[in-house]
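The values are calculated or read from the model by the stated rules, or taken from the named source; none is laboratory data. Just so it is clear, the model here is predicted, and its values are computed rather than measured. FYI the Cβ positions are ideal-geometry reconstructions off the backbone, even for glycines, and counts take in every protein chain you see. When the accessible area is computed, the model is the full protein with side chains, heavy atoms only, and any ligands, DNA or RNA have been set aside. Shrake-Rupley method; radii C 1.70, N 1.55, O 1.52, S 1.80 Å.
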Amino acid sequence: GEADILAEAKRRFDAYLADPASLNPDDQAVVLSILATNADQPEFESLHGLLRSAHNETELDRYLRALMRVRDPILAQQALDIALSKEIPPQADAIRLQLILGVSEQNPALAWAAFRDHVGRVASCKFLTICLTDILTIST
């Protein structure tokens, strides 16, 4: 059942933290997504630590997208804070809207508030119309 899947994702994540080679790169997104969706504060911090130590853009993208999937509203706000922080360089501002949209899957009201409060910063996204339509659809 679902509890078994979550337990297996946690086991694989713990092994990955100890030895990144223990988790096939093709499996990482799934494991990170399951873990992040159900994360508690320590797991969120572990994911954030991975983000901070990412070695390349692929890892950066994988960890960011996982962090944005958190279900817990307190952690979702922390994820939004990261998405809007200096951890994302100014030249990557366009990704901020995609990250906000990622949070909207589990926390549409928080995502909408972040978008509304930071529209000037994320409005440069060339996909703004598509993303805004998705956010409005999810939040209604």
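Based on the alpha carbons, how large is the Rg to Rh ratio for the stretch 1-108 when Rh follows Kirkwood? Before the final figure, lay out the partial values.
Details: Rg = 13.2 Å, Rh = 13.9 Å.
Across the stretch 1-108, the Cα-based Rg/Rh ratio is 0.95.
Whenever you get a sec, compute what percent of the accessible area on the chain sits on carbon and sulfur atoms (1.4 Å probe). It would help to have the intermediate numbers written out before the result.
Details: 4320 of 7640 Å².
Carbon and sulfur together cover 57 percent of it.
Taking every protein chain into account, the accessible area of the chain amounts to 55 square angstrom per residue (probe 1.4 Å).
With a cut-off of 8 Å between alpha carbons and a minimum separation of six or more residues, what is the relative contact order of the stretch 1-126 in percent?
Numbers: 126 pairs, mean separation 23.2, N = 126.
Relative contact order here is 18 percent.
Once all protein chains are placed together, D14 keeps about 90 Å² accessible to a 1.4 angstrom probe.
Per-residue accessible area (protein heavy atoms, 1.4 Å probe) orders E59, E105 as E105, E59, starting from the largest. Segment D61..V30, full-extension length gain: 9.8 nm, with 0.36 nm per residue of separation and the alpha-carbon distance subtracted. Between the exposed loop cleavage positions of the chain, defined as trypsin sites (Lys or Arg not before Pro) in a non-H, G, I, E, B DSSP state with at most 16 neighbouring beta-carbon atoms within 10 angstrom, the longest gap is 1-70. What net charge do the residues around M68 carry, taking every other residue with its C-beta under 12 Å from that of M68, with Lys and Arg at +1 and Asp and Glu at -1? Every neighbour counted, the sum reads +2. Here the label points at H118 and Q41, each 7 Å from Cα along the C-beta direction, are separated by 2.2 nm in the simple model.
Given charges of +1 on the Cβ of Lys and Arg and -1 on the Cβ of Asp and Glu, with all other atoms neutral, how large is the dipole of the chain about its Cα centre, in debye to the nearest 20?
Values: 13 positive and 20 negative charges, 105 e Å.
Roughly 500 debye for the chain.
With the cut-off at 1.5 for a/c, could you classify the stretch 1-53 from its C-alpha gyration tensor as rounded, prolate or oblate? Oblate, because a/c is 1.5 or more while a/b does not exceed b/c.
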